[in-house]
Amino acid sequence: MVESLRGVGYSIATALADIVDNSISAGARNVWVTFAYRGAASTVSILDDGGGMSATELLGAMTLGGISPLLHRAEKDLGRFGLGLKTASFSQCRCLTVASRRNGLVSVRRWDLDYIARPDVGDWRLLSSPRKGSEELLSPLDLLEQGTLVLWEGLDRIVGPGGMKDAALENAFLALVERVEQHLAMVFHRLIEGMSPELRLYINGHRVKGWDPFLRSHPATYSTPTDPFSSPHGRGELQGFVLPHKDKLSEIEYRAAGGIEGWTSQQGFYVYRNQRLLVAGGWLGLGSPRVWTMEEPFKLARIRLDFTNSADHEWDIDVKKSTARPPRYLRARIQELAENVRVRARRVFAHRGEYGARAAVQDLSTVWVSRTLKGGTSYRLNRDHPLVARALNDADSKSVSELLRLVEETVPVQRIWLDTVEKGEMQKEPFSEDASPEVEELAKSMLSHLVGKVGLSHELAVMRLRTTEPFQNFPQLIARLSASPSIQVTA
């Protein structure tokens with residue numbers, strides 16, 4: 001049975017998150033996670049300054065299914081099935097020791113799978129002392145007035161059962177520590193962020209900084225109003241976010257905001273239970289007429305969904321606390337918000353960040369237009385764009401038309417798409433710098449053409465410029481041109 005329990009499907013990061021849940025439920029303000037590489041003798045320990053447990057409470061905590069999931073839980077209790085401590089630990093180690101201090105008394109209990117498997121034992125025996133030689137590993141608990149220390153030994157799923165230390169294994173172990181930090185920074189970000197956080201979390205003495213999936217501090221992030229909802233088992237909240245386009249972020253910001261799995265995989269719903277993240281991305285099986293999948297155009301869409309532990313059974317929370325399914329009576333409401341966020345996210349993605357405080361431009365004359373036919377979508381240069389129209393009028397119109405058709409028919413759409421997906425967006429928005437000399441010269445040339453050749457007044461020509469791509473992105477330049485009607489007019 002216990003060997004079967006080891007296959008529940010935890011990663012070391014999700015397993016450690018389950019242990020930290022217990023620390024939070026115990027009222028801990030600080031949690032210290034320590035990785036020590038010693039080859040086959042490597043250990044992981046989790047120490048907290050929570051309320052600690054008596055010997056009787058520790059016995060219950062070490063009992064599989066010791067607490068029924070049907071029982072009422074305290075408001076901040078992050079547990080559910082009474083299995084997390086044991087199944088999470090067994091998934092990574094063969095020896096689980098828990099020491100807890102309350103009222104000056106220390107209690108110790110140990111599950112040792114190698115001991116249980118011995119032919120002369122043959123049954124479940126919960127031991128009341130650490131492994132011989134491991135007593136010193138429990139000593140950090142002596143520095144606290146109260147608290148609990150969880151010790152993992154026999155890390156066969158992490159470093160294997162081998163004997164000697166190995167440089168390659170040590171490097172892999174250290175890389176694992178980094179991935180764990182990223183995961184915990186995401187799962188507990190709402191509890192560990194801010195000047196006075198509810199929890200301080202440390203890994204090998206280094207304080208973990210929260211990862212905000214919504215980039216709420218960035219001025220270019222769009223958010224919907226908070227949408228509270230009620231259910232028979234408590235209250236919850238919905239809020240949608242559209243993250244800034246890459247053009248609005250520094251390289252460091254862009255890499256960080258992509259999260260552990262990358263931008264495309266981190267889109268969708270972020271489901272929280274008591275502010276603890278359960279689901280990081282994905283569309284929860286929603287979508288119409290087909291179920292939504294993780295697609296590049298929607299990678300900027302993220303939605304916060306909160307509920308309390310009193311609604312666990314409504315959301316089908318699993319043992320690992322890594323999946324959740326919205327109840328039927330909320331699905332339509334959740335999907336409606338998600339559709340709106342997805343539409344806006346796609347627009348930001350397609351128009352390279354043109355959103356936010358800048359108002360939409362009415363009747364914008366774009367350089368490219370798309371047409372959807374039965375055979376797919378085709379892209380054509382806009383013959384009505386002033387610069388395109390000027391080229392057709394000023395030169396051999398037949399040669400220019402043939403050139404435009406050649407460009408249109410040979411645009412490597414599939415190649416551009418593959419390069420974008422595989423390598424990220426490779427250039428910033430065209431003419432994205434603040435009114436560079438090139439942009440200014442082009443604007444003056446177009447203004448001159450509109451006045452001298454087309455016959456518009458200076459005022460009307462400026463208005464036309466204001467609704468023509470890409471000049472609509474440079475209101476200060478247009479304001480300067482509007483105030484300087486002495487533009488040389490071509491004959």
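Rule-based calculations on the coordinates, nothing more; no lab input. Since the model is a prediction, treat every value here as computed from it, not as a measurement. We place every Cβ from the backbone using ideal geometry, glycine too, and count neighbours over all the protein chains shown.
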When Lys and Arg each count +1 and Asp and Glu each count -1, what net charge do the other residues less than 10 Å away from L96, Cβ to Cβ, add up to? +2
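Sorted from fewest to most neighbouring beta carbons within 10 Å, what does the list E314, E193 look like? Spell out each step's value before the answer.
Working: E314 20, E193 15.
Ascending Cβ contact count within 10 Å gives the list E193, E314.
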Report which label in [x] 156; [y] 174; [z] 200 holds the value of volume of the Cα convex hull per residue in Å³ derived from the coordinates of this structure. [z]
Cα long-axis angle, helix 413-423 against the chain (0 to 90 degrees, to the nearest 10): 40
How large is Rg/Rh for the range 79-148, to two decimals, with Cα atoms and a Kirkwood Rh? 1.00
Between E296 and N382, what is the spin-label point distance in nm, taking each point 7 Å from the Cα along the Cα→C-beta axis? 2.3
Set of aspartates and glutamates with alpha-carbon distance to K299 below 15 Å, sequence-local pairs under 8 removed: D247, E261, E339, E422, E425
Hey, if you drop one equal point scatterer on each alpha-carbon of the range 102-235 and run the Debye formula without solvent, what base-10 log of I(q)/I(0) do you get at q = 0.19, 0.20, 0.22 Å⁻¹? -1.28, -1.32, -1.39
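Take every Cα-Cα pair in the range 2-207 and report what % of them are more than 21 Å apart. Spell out each step's value before the answer.
Details: 10890 of 21115 pairs.
The calculated P(r) of the range 2-207 puts 52 percent of pairs beyond 21 Å.
Where does each of D21, D384 land when they are ranked from fewest to most other beta-carbon atoms within 10 angstrom? Provide the component values of the computation, followed by the final result.
On the way: D21 23, D384 11.
Listed from fewest to most nearby Cβ atoms, that is D384, D21.
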Tell me what the chain gives for mean residue ellipticity at 222 nm when only DSSP H runs of n ≥ 4 count, each as -39,500 (n - 2.57), the sum divided by the residue total, rounded to 500 deg cm²/dmol. -9500 deg cm²/dmol
What does the charge count near E237 come to, summing +1 for each Lys or Arg and -1 for each Asp or Glu among other residues with Cβ under 13 Å from its Cβ? +3
How would you order 126-135, 287-296, 440-449 from highest to lowest mean count of nearby Cβ atoms within 10 Å? 440-449, 126-135, 287-296
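Applying a 10 Å radius around every beta-carbon, put 144-152, 194-202, 243-251 in order of their mean neighbour count, most first. List each step's numbers first, then the result.
Details: 144-152: 22.2, 194-202: 13.7, 243-251: 18.8.
The peptides rank, most packed first, as 144-152, 243-251, 194-202.
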Packing-based exposure ordering (other Cβ within 10 Å, fewest first) of H183, H233: H233, H183
